[in-house]
Amino acid sequence: MMISVIVTLYNEDRYLKQCIESICRQTYQDLEIILVDDGSTDQSGEICNAFAEKDMRITVVHKKNGGPVSARKAGLSLAHGRYVTFVDGDDWLEDTMYEKLEACMRQWDVDVSMCGRYEDTQEASKAVFQGADEGKYDKKQMIEKIYPHMIVNQDFFEWGISPSQCDKLFKRECIESFQMSEDECIRMGDDAVCTFPCLLNAESIYVLGECLYHYRQTTNSLVKKIDDYELERKQFHAMYEAGMKQFTLYQEVYDLRKQWEMYVLFLMIPRSDGLYEGYAGLDYLFPYPKVKRRMKIVLYGAGTYGQRLYQYLKQSGFCEVVLWVDRNYKEFRKMGLSVEPPDCVTSECADQIVVAITYAKPRKALHQALIKKYKEEKVSVIDEELILSDASKKAYGIR
């Protein structure tokens, strides 16, 4: 049963060959591969054309840049497969990914099958599984075991089911209406706006306890850029409203609106400098109440949040970053970041050690490790109660 693989890309010539090759050599061969070049200005379009000449399964679409939602729609409108999946042009797949996901669909007759993913940064690779045990879930089991923790698993913030469309295989009729009706102005959280309502509508899913998709993390990722703040606000509010509309429609199946609100806040935290109204006027560094203006700080964490927070502090001068550390400092140095090893930190070098990590498990683990070594009052982690307060929601414009 044919799978339509929709690859969306924009200026990915550095990684695109690896991506397409990993799809072409899949052990499951009954594929329709649709490469959507979303207005690339590098050599991505030429790479797509060259692959299409060598493999008859490949169709290439060259279009004006319109963003990820527009690109997925363009690909889906040409798809003929019974099953549909998506790939980002800088990622790649394990050779057996589609064979295994298709076998789950066929054997268990489910609407969606899904696997885990590897998060790859240069030479480092971290396995990330779906937040549910392996197996089939019918509608009753989804209501009892999946939906209660589908977006937010246990803590703020820990995933239940990944919002990505790339680690999933969908029956076409299950995903099509959600994807084709999505607002094209949404640039962040666009996967989630489609995936979670689709799963609410689905009658059954299968969770595979293997990691088969490789998600490449780079410093050029859209999530780390600071561009037009007003446009970013509009895009986030469009994403929030679109999700709330869908979840209101499906609230009798299961009410996910609270989880959706938490998810949107989670995405907004690293962009607080542009999304939180009155952010620059606060006398503390949101969401760290103990971190005051003109303090000297150690910034601990160089991931997505750490990079954006570091940029903001350097540009604004709100605090002096005397040291930026991460245990994976060697990998971040390869990415051109001025990150030092954690053993450079001393209790005397700064007023506060700021843990720039949003995900719950690593954040809490690092906090516990640091307060054993330094005075607890000198270690700051994000204040969950502050983030979820009515005042913060109002400042973010989601209430």
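In region 133-149, which residues are surrounded by 16 or more Cβ atoms within 10 Å (Cβ to Cβ) and under 20 Å from E384 (Cβ atoms)?
Passing the criteria: only H149.
So in region 113-157, with the set limited to residues that are in a loop (DSSP other than H, G, I, E, B) and among the acidic types (D, E), which one is nearest to A302 (Cα to Cα)?
E123
Looking only at region 330-341, which residues are out of contact with any helix residue (DSSP H, G or I) (no Cβ under 8 Å at 6 or more places or on another chain) and either in contact (Cβ under 8 Å) with a residue 60 or more places away in the chain or not in a loop (DSSP other than H, G, I, E, B) (or both)?
K330, E331, F332, R333, K334, M335, G336
So which residues in region 66-112 are part of a loop (DSSP other than H, G, I, E, B), under 13 Å from S22 (Cβ atoms) and open to solvent by less than 10 Å² (accessible area, probe 1.4 Å)?
Answer for region 66-112, where residues must be part of a loop (DSSP other than H, G, I, E, B), under 13 Å from S22 (Cβ atoms) and open to solvent by less than 10 Å² (accessible area, probe 1.4 Å): G89, D91.
Select from region 7-60 the residues that are under 25 Å from the mean Cα position of the chain (by Cα) and among the β-branched types (V, I, T) and write down the one among them that is nearest to L78 (Cα to Cα).
Of everything passing the filter in region 7-60, I34 is nearest to L78 (Cα to Cα).
Would you point out the residue of region 249-299, among those that are assigned to a strand (DSSP E or B) and open to solvent by 30 Å² or more (accessible area, probe 1.4 Å), that is farthest from F236 (Cα to Cα)?
Among those residues, the one meeting the criterion is K296.
For the condition touching a residue at least 24 places away in the same chain (Cβ under 8 Å), small (G, A, S) and over 26 Å from E173 (Cα atoms), what is the one hit in S40, S4?
Step by step, each of S40, S4 is checked, and only S40 is touching a residue at least 24 places away in the same chain (Cβ under 8 Å), small (G, A, S) and over 26 Å from E173 (Cα atoms).
Which residues, counting only those in region 349-399, are open to solvent by less than 40 Å² (accessible area, probe 1.4 Å), without any contact (Cβ under 8 Å) to a residue 40 or more places away in the chain and charged (D, E, K, R)?
Passing the criteria: only R363.
Can you confirm whether E176 is among the charged types (D, E, K, R), in contact with a Cys (Cβ under 8 Å, 6 or more places away or on another chain) and at pLDDT 95 or above? Even if it seems obvious, please write down each step before you answer.
Numbers: among the charged types (D, E, K, R): yes; in contact with a Cys (Cβ under 8 Å, 6 or more places away or on another chain): no; at pLDDT 95 or above: yes.
Criteria not met by E176.
Looking only at region 103-126, which residues are over 19 Å from A202 (Cα atoms) and modelled with pLDDT of 95 or more?
G116, R117, Y118
Output yes when any residue across region 23-35 is of a type in the set (K, R), touching a helix residue (DSSP H, G or I) at 6+ places or on another chain (Cβ under 6 Å) and either modelled with pLDDT under 95 or open to solvent by 40 Å² or more (accessible area, probe 1.4 Å) (or both), and no when none is. Talk me through it step by step, then tell me what you get.
Keep residues of region 23-35 that are of a type in the set (K, R), which gives 25.
Next, from what is left, pick out any that are touching a helix residue (DSSP H, G or I) at 6+ places or on another chain (Cβ under 6 Å): none.
Checked against the condition, which is being of a type in the set (K, R), touching a helix residue (DSSP H, G or I) at 6+ places or on another chain (Cβ under 6 Å) and either modelled with pLDDT under 95 or open to solvent by 40 Å² or more (accessible area, probe 1.4 Å) (or both), region 23-35 yields no hits at all.
Which numbered condition in (1) open to solvent by less than 30 Å² (accessible area, probe 1.4 Å); (2) closer than 15 Å to A350 by Cα; (3) aliphatic (A, V, I, L, M); (4) free of Cβ contacts under 8 Å to residues at least 60 places away in the same chain is the only one that A302 fails?
Here A302 meets the rest and fails (2).
Please list, ordered by first then second residue, the pairs with beta carbon atoms under 9 Å, 6 or more apart or interchain, first in region 265-289 and at positive phi, second open to solvent by less than 20 Å² (accessible area, probe 1.4 Å).
Pairs that qualify, where the first residue is at positive phi and the partner is open to solvent by less than 20 Å² (accessible area, probe 1.4 Å), are G278/A395.
Quick one: count up the residues across region 163-206 that are among the hydroxyl-bearing types (S, T, Y), open to solvent by less than 20 Å² (accessible area, probe 1.4 Å) and assigned to a helix (DSSP H, G or I).
1
Look at Y215 and say whether it is open to solvent by 30 Å² or more (accessible area, probe 1.4 Å), among the aromatic types (F, W, Y), closer than 20 Å to L93 by Cα and not in a helix (DSSP H, G or I).
So Y215 fits the description; yes.
Restricted to region 128-146, and to residues that are touching a helix residue (DSSP H, G or I) at 6+ places or on another chain (Cβ under 7 Å) and not basic (K, R), which residue is modelled with the lowest pLDDT?
In this case the residue turns out to be G131.
Which condition from (1) assigned to a helix (DSSP H, G or I); (2) hydroxyl-bearing (S, T, Y); (3) surrounded by fewer than 17 Cβ atoms within 10 Å (Cβ to Cβ) is the one that T346 breaks?
Only one criterion is unmet by T346, namely (1).
Would you be able to say whether some residue in region 150-162 is open to solvent by less than 60 Å² (accessible area, probe 1.4 Å), touching a helix residue (DSSP H, G or I) at 6+ places or on another chain (Cβ under 6 Å) and closer than 18 Å to Y250 by Cα?
If we filter region 150-162 for residues that are open to solvent by less than 60 Å² (accessible area, probe 1.4 Å), which is where we start, we get 150-153, 155-162.
Keeping just the survivors that are touching a helix residue (DSSP H, G or I) at 6+ places or on another chain (Cβ under 6 Å) gives 151-152, 155-158, 160.
In the following step, the residues that additionally are closer than 18 Å to Y250 by Cα were identified as 151-152.
Yes, the conditions are met somewhere in region 150-162.
Among all residue pairs at least 6 apart or on different chains, which show Cβ distances below 8 Å where the first residue, located in region 176-192, is at negative phi and touching a residue at least 12 places away in the same chain (Cβ under 8 Å) and the second is open to solvent by 70 Å² or more (accessible area, probe 1.4 Å) and part of a helix (DSSP H, G or I)?
Close Cβ pairs satisfying both conditions: C185/K234; R187/L222; M188/L222.
Residues being open to solvent by less than 60 Å² (accessible area, probe 1.4 Å) and charged (D, E, K, R): count how many of those fall in region 113-132.
First, pick out the residues of region 113-132 that are open to solvent by less than 60 Å² (accessible area, probe 1.4 Å): 113-117, 119-121, 124, 127-128, 130-132.
This time we only want the ones that are charged (D, E, K, R), so: 117, 119-120.
So the count comes out to 3.
The values are calculated or read from the model by the stated rules, or taken from the named source; none is laboratory data. Note that the structure is a prediction, hence the values are computed from the model and not measured. As a convention, Cβ positions derive from the backbone with ideal geometry for all residues, glycine included, and neighbour counts pool all protein chains shown. Accessible surface is based on the protein model in full, side chains and every heavy atom, while ligands, DNA and RNA are left aside. Shrake-Rupley method; radii C 1.70, N 1.55, O 1.52, S 1.80 Å.
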